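Values quoted throughout were computed directly from the atomic coordinates according to the rules given, and no laboratory measurement underlies them. Bear in mind the structure is a predicted one, so any value in this text is a computation, not a measurement. With ideal geometry, Cβ positions are generated from the backbone for all residues, glycine too; neighbour counts draw on all protein chains shown.
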Amino acid sequence: MPGGNALFHGTADQQSGSLRTGQRTDGSAESDDGDGGDDSDDGDELDVPEGDALLDRLVDAGVLTADDETVAPTDAFEARRREEMAPLRDADTEELADLALEFSPATESHAVRQDGQEWVALSSGATNALEETWLTRPITIAEIAGARAAADFVDDDETALAAAQTCRMFLETCPDCGTDLERGTDASCCGGARSPDGPPSETLFCPSCEAQVYTFD
């Protein structure tokens, strides 16, 4: 089902999802925890650190820099991510679906076109669309590029993909079209609807693609 910045079938929620699972992440999709909203997964969790442990690993590896007040990508990581992202913008969605399997634990991928929008669908043996995670092109491009860049700094694919997911929150322009990203909420952007369980989450979204790129907790 649409996970990455796409409406889920039969629901008002949007989820941004991540390459990290072949299933949607709660709070991502537009809720990403930075990527899917909150970083809790409905699927199998990968054996990688989370929270402060992940931050410490990424700082030690040179992916992020941190002080008492700010956290940001290092210049070296950001340069590599931009280098990887540039050619992906010209790739068609079928190619992005194939490339997504470089890092995603999903075993199957394909392009989806619907109502003028395009997604990469990921799954592991799904029998129908409700069992798939649908990622928008901006999310897919950001995570492929981010994981490839992070692979120069860390030793395992799982941590590289966790880095890519986390670093989406620092993007300033759309990974797909290059438009300046804007801040909003999942209740006001891209067809999102306010959750009855609490206030809307703050999001980072592309006004041109009408896609959320990251959802903050």
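Assorted remarks:
- Cα radius of gyration and Dmax for region 66-138 (Å): 15.7, 48
- Neighbourhood charge, 13 Å Cβ-Cβ cut-off, centred on Met85 and excluding it, Lys, Arg +1 and Asp, Glu -1: 0
- For Val213, nonlocal amide neighbours, meaning residues 5 or more places apart or on other chains whose placed amide H falls under 5 Å from its own, are Leu204, Phe205, Cys206.
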